[in-house]
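These notes are about the structure you will find just below.
The values are calculated or read from the model by the stated rules, or taken from the named source; none is laboratory data. All values derive from a computational prediction rather than experimental measurement. Positions of Cβ are generated from backbone atoms using ideal geometry, with glycine treated the same way; all protein chains shown enter the neighbour counts. To get the accessible areas, we keep the full protein, side chains included, count just its heavy atoms, and leave off ligands, DNA and RNA. Shrake-Rupley method; radii C 1.70, N 1.55, O 1.52, S 1.80 Å.
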Amino acid sequence: MEVATRPGMRTGVLFVLASATFAANYLWVKLAIEMFTPVQVAWGRSFLAAITLLIVLVVTGDRLPRDRQVWKHLFIAALLFNTISFTCMAIAMTRIPTVQASVVNSTAPLVTLALVAAFVPMERITLPRLLGVLLGLVGVLILVQPWAGWGATDPWGILAIFGATASYAAGIVYARLKLGNASGSAVAIAAGQLSLASVQLTLVLPLGFAIPVAFELSALIGLLVLGVFGTGIGYILQHSLIRAGGASVAGDATYLILLFAVLIGVTVLGEPLQATDAIGAAVILTGLVIATRTGRGSRLRPTPTVP
């Protein structure tokens, strides 16, 4: 009996660890931008994560992909998954609370479903998917309240975090189309992708570079933890969770990530939880449940959210 429960226990532990790791990334970004610019945060995050994953490859005897075509596709994937998404997220965190950022970012699976329906011919749009995507949009509108002067939100901050979300969702669709049969382990693919993101961000770093006016130890720690653990180890946790419980279980981490992120924002950062934040989150999650579950015992595979 004990042996039979171990796989389930391992999946549960990975589920909580991965969710907590990704949820905490909002906190680490919030700390890092106290000293660094958004581009510097995105570059440092990608560079540290790439180094972490490359070390893992060396230790495990794995190696980077050798196929040139794979590297061409990884370049685009890095642009969408990391360069644009990480930069937009850091920009957003300079303008809006982590609570609002996490609520908007939880729409990533819904945005992915919409993009898949539009660009993947074999995927058809069903009524539950359409309803779920529309509910997600309603949830975001409840959050930002454009009819009431944007309420307590910063429209540019919301636009930035939605840009990060949309870019990540586009990366999922691109990877599904172009990297589905790529040779190499998931860690090797992630290491190559983040290495390319580091190169891309290095090229634009002069445009977003600034010498810190004051040294903040908490900001430096935030950037280190964000890169090494929140992103590098986070990718490994996500891959392990997918192997242990499947893509559907990994996708369900979206719910727990949002809960953890809101708790961290309210308890650690002292951010207020507005009624519109809670209502918007509830509507978005309802849309996600409807969109990713179609009929009895049948469910689509939602996209894991990686902040």
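A few comments on the model shown:
- Prolate/oblate/rounded label for region 1-147 (Cα gyration tensor, a/c 1.5): rounded
- The chain - percent of accessible surface contributed by carbon and sulfur, probe 1.4 Å: 70
- Per-residue 3J(HN,Hα) values for region 122-131, derived from phi via the Karplus relation 6.51 cos²θ - 1.76 cosθ + 1.60 with θ = phi - 60°, read 6, 9, 9, 7, 9, 4, x, 4, 4, 5 Hz in sequence order (x marks Gly and Pro).
- Where N is the number of residues in region 39-117, Cα Rg divided by 2.2 N^0.38 Å: 1.35
- Restricting the calculation to Cα atoms, the chain yields a radius of gyration followed by a Dmax of 18.8, 60 Å.
- Taking every protein chain into account, the accessible area of the chain amounts to 46 square angstrom per residue (probe 1.4 Å).
- Low-density loop cleavage sites - trypsin sites (Lys or Arg not before Pro) in region 102-178, where at most 15 other Cβ are within 10 Å (DSSP): ARG124
- Amide H to amide H distances under 5 Å link ARG293 with LEU300, where only residues 5 or more positions off or on other chains count and H is placed in the peptide plane.
- Per-residue Karplus couplings for region 47-64, computed as 6.51 cos²θ - 1.76 cosθ + 1.60 with θ equal to phi - 60°, are listed in order as 4, 5, 5, 4, 4, 4, 6, 5, 5, 4, 4, 5, 5, 8, x, 7, 8, 5 Hz, Gly and Pro entered as x.
- Largest to smallest principal axis extent of the C-alpha atoms in region 153-226, angstrom: 47, 30, 23
- A helix-only calculation puts the chain at -23500 deg cm²/dmol for mean residue ellipticity at 222 nm, using -39500 (n - 2.57) for each DSSP H run of at least four residues, averaged over all residues.
- Counting every C-alpha pair in region 79-213, the share spaced more than 18 angstrom apart comes to 63%.
- Rounded to whole Hz, the Karplus (6.51, -1.76, 1.60) HN-Hα couplings of region 137-147, x for glycine and proline: 5, 4, x, 5, 5, 4, 5, 8, 6, x, 6
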